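See structure below.
Here, each number is a calculation from the coordinates, and none is a lab measurement. Since we're looking at a predicted model, the values are computed, not measured. Counting neighbours? That spans all protein chains shown, and the Cβs are built from the backbone with ideal geometry, glycine included.
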Amino acid sequence: MVNANGGSALELQIVDQDTLAPTEGCSVLQISLDGIYFNKGIPPRLGKTFLVPSAKADWLVVCNKPGKYEVITDSEVDTKSIKSLLTVVAENVLCNTAFLFSNIMLVTPS
């Protein structure tokens, strides 16, 4: 994912679509930062990935239960500023379903 948001940083996390609360239905491993791949995936610190403008990160997301999840940014304290950037739909999950988020341009909706 690339922060193409101009002058604003993004704090990215995956949440349950209905409650906007951090989800236990999907786990996230960050596998790279700015084009440098890690030897192994690491969970984002405090459940969030912080991207300054033009920064890039790749996530491996594994969902172990069906549902709709959102990749959001909430860099403001006010909950009205939470913006959904991407929707993940995991259906008919019989075993873990994995998504690779790479080379996605992220721009917050106005």
Practice item. Consider a paramagnetic label point 7 Å from the Cα of residue 52 along Cα→Cβ; state which residues of the range 6-44 have an amide N under 17 Å from it. Key: 6-12, 33-36
**Study point:** Whole-Å distance, taken between Cα centres, linking the range 1-22 and the range 25-74
**Key:** 10 Å
